[in-house]
Each structure stands twice: as structure tokens, then as C-alpha cells.
Amino acid sequence: DRRLIESMATLAAVSLLLFAGVWIVAELSIRRQIGRIADMATRLAQGDLGARIAPPHPRGEIGGLMAELNRTAEALEQQRAAIDDLNQKLRQSQKMEAVGQLTGGVAHDFNNLLTVILGSNEMLVQSLSGNQELRGMAELAVKAAERGAELTTQLLAFGRRQALSPKPSDINRLLAGMEKLLRRTLGGHVDIELVQSGSLWRAMVDTGQIENAILNLCLNARDATPGGG
């Protein structure tokens with residue numbers, strides 16, 4: 001009996017020591033894992049979305065919680081990158097809009113000045129028919145004003161960075177209305193032949209944009225035929 005009691009006491013003592021050891025190890029392990037989670041949460045709260053709980057992760061609910069925190073941080077980091085990108089494009093668009101407005105305003109004022117200069121020089125060319133030297137200088141001034149008008153047209157097109165306003169348009173009538181402008185802009189050394197179609201349907205276009213496109217095409221054609229054509 002005494003030996004049995006001693007053996008049972010020894011077994012109980014060993015069991016208590018073993019239980020205490022397991023409890024201490026588990027407590028320390030849990031505290032360590034909780035500390036890792038707390039550190040992760042603190043870094044996220046401070047804005048460090050690159051924070052992650054490095055593996056290995058323990059099994060069970062604590063390990064699942066760590067993996068979920070990592071997935072959440074990754075999703076937040078992707079959202080921040082997307083927002084930084086949605087913001088960069090917005091800033092660039094605002095800059096382009098401001099430049100476009102400034103360019104359009106300057107080009108519009110300059111175009112008004114060129115209109116006066118061009119009209120005055122055209123009248124001067126007609127009045128100097130008896131003086132070829134002065135007439136030639138006036139013609140050069142007309143050509144320079146025309147080139148300036150081409151440039152302002154392009155600047156105005158750049159400045160009009162706005163939504164299109166398409167409407168049903170008669171292209172035949174639109175081209176007929178541009179004929180005088182084209183002849184004056186391109187010069188007398190370029191022949192213009194306007195061929196209209198009787199069965200042409202109306203087109204949904206922004207008339208300002210289509211006129212600018214036609215003018216640019218004609219200017220390119222003129223530049224491609226410096227000797228006339």
C-alpha cells in the first residue's frame with residue numbers, strides 16, 4: 001500500500017509538472033501568436049498596408065485569423081494602388097483641361113487679330129496692282145496670315161477638349177459652305193473641285209469637328225503639292 005501510495009503520488013506530481021509545462025508552453029505560444037497579430041494590426045492602423053504575418057502560421061483558428069488578416073491587407077493595398085492611379089489620371093486630366101482652356105482662349109484672340117490682318121492685306125493686294133514690289137510683299141503677308149490661321153485652327157481644335165455634339169447634318173451643304181474658306185486658305189495655285197452626291201444621307205456628326213478634319217485634309221493635300229495640283 002505504501003509503495004502504491006508513493007507511486008501514485010509520484011505519478012500525480014509528474015502529471016502536475018507535465019500539465020504545468022504544457023500550460024506554460026501553450027500560454028507562451030498563444031501569447032506569441034497574439035503578439036504577432038497585434039503587431040500586424042498596429043502596422044495596418046498606421047497605414048502600412050505592406051505589413052504581413054510571415055509564415056509559418058499555426059493550425060486552428062489563430063492560423064486562420066492570420067491568413068485572413070494577410071488577405072485583407074493585400075486587398076487594401078490593391079485598393080490604395082487603384083485609388084492612387086484613379087487620382088493620378090484625374091490630376092493629369094485636370095492639367096490637360098487647363099492647358100486646353102488656356103490654349104483655346106489665346107488661339108481665339110489671336111485668330112480674331114489674324115482675321116483683321118488677313119482682310120486688310122487682301123484689300124492691300126488688290127489696291128497695289130500697279131506696284132508689283134509692294135504687291136508681292138502684301139501677298140507674303142497674306143500667306144503668313146493664312147499659315148497663322150492654320151495654326152490657330154489646330155490650337156482651337158486642341159482647346160476644344162469637350163464632349164462632342166453630334167446632330168443630323170447635310171454634308172453637301174456643309175462642304176458648300178466651306179468652299180470659299182478653302183479657296184481663300186489654300187491659295188489660287190490649288191484647284192478645288194466640289195462633287196456632291198444627290199443621294200447622300202444625313203450624317204450624325206459634330207459639325208465643328210468635321211469642318212476641322214476637312215480643313216486639315218485639304219491643308220495636307222496642299223502641302224503635298226507645292227507646285228500646284
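The values are calculated or read from the model by the stated rules, or taken from the named source; none is laboratory data. In this text the structure is predicted, and so the values were computed from the model without any measurement. Note that we place each Cβ from the backbone using ideal geometry, even for glycine, and neighbour counts take in every protein chain shown. Side chains are part of the model used for accessible areas, which takes the heavy atoms of the whole protein and leaves out ligands, DNA and RNA. Shrake-Rupley method; radii C 1.70, N 1.55, O 1.52, S 1.80 Å.
The table below gives the values:
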| quantity | calculated |
| --- | --- |
| From the coordinates shown, volume of the Cα convex hull per residue in Å³ corresponds to which of (i) 192; (ii) 234; (iii) 122 | (ii) |
| Gain on full stretching of the segment that runs from D109 to A38 - 0.36 nm per residue minus C-alpha separation | 19.1 nm |
| Carbon + sulfur, % of accessible area of the chain - ligands and nucleic acids excluded, 1.4 Å | 60 percent |
| Helix-derived mean residue ellipticity, 222 nm - over the chain, DSSP H n ≥ 4, -39500 (n - 2.57), to 500 | -27500 deg cm²/dmol |
| Label-point gap, in nm, between I30 and A9 - each point 7 angstrom along Cα→Cβ | 3.3 nm |
| FRET efficiency for I117 and E97, using Cβ-Cβ distance with R0 set to 22 Å, rounded to 0.05 | 0.15 |
| Potential lengthening between L200 and D223 on full extension [0.36 nm per residue; Cα-Cα distance subtracted] | 5.3 nm |
| Dipole axis of the chain (+1 Lys, Arg; -1 Asp, Glu on Cβ), positive-most option in V14, V205, H57 | V14 |
| The stretch 47-68 and the stretch 170-229: distance between their alpha carbon centers, rounded to Å | 68 Å |
| Estimated FRET transfer efficiency when R0 is 35 angstrom, pair I214-K89 (beta carbons, to 0.05) | 0.60 |
| M123, M178, reordered so the largest accessible area comes first (probe 1.4 Å) | M123, M178 |
| Inter-probe distance in nm under a simple model that places probes 7 Å from Cα toward Cβ, at E133 and D170 | 5.2 nm |
| Ranked packing of 91-97, 68-74, most packed first, by mean Cβ within 10 Å | 68-74, 91-97 |
| Net dipole in debye of the chain [+1 Lys, Arg Cβ; -1 Asp, Glu Cβ; about Cα centre; nearest 20] | 540 debye |
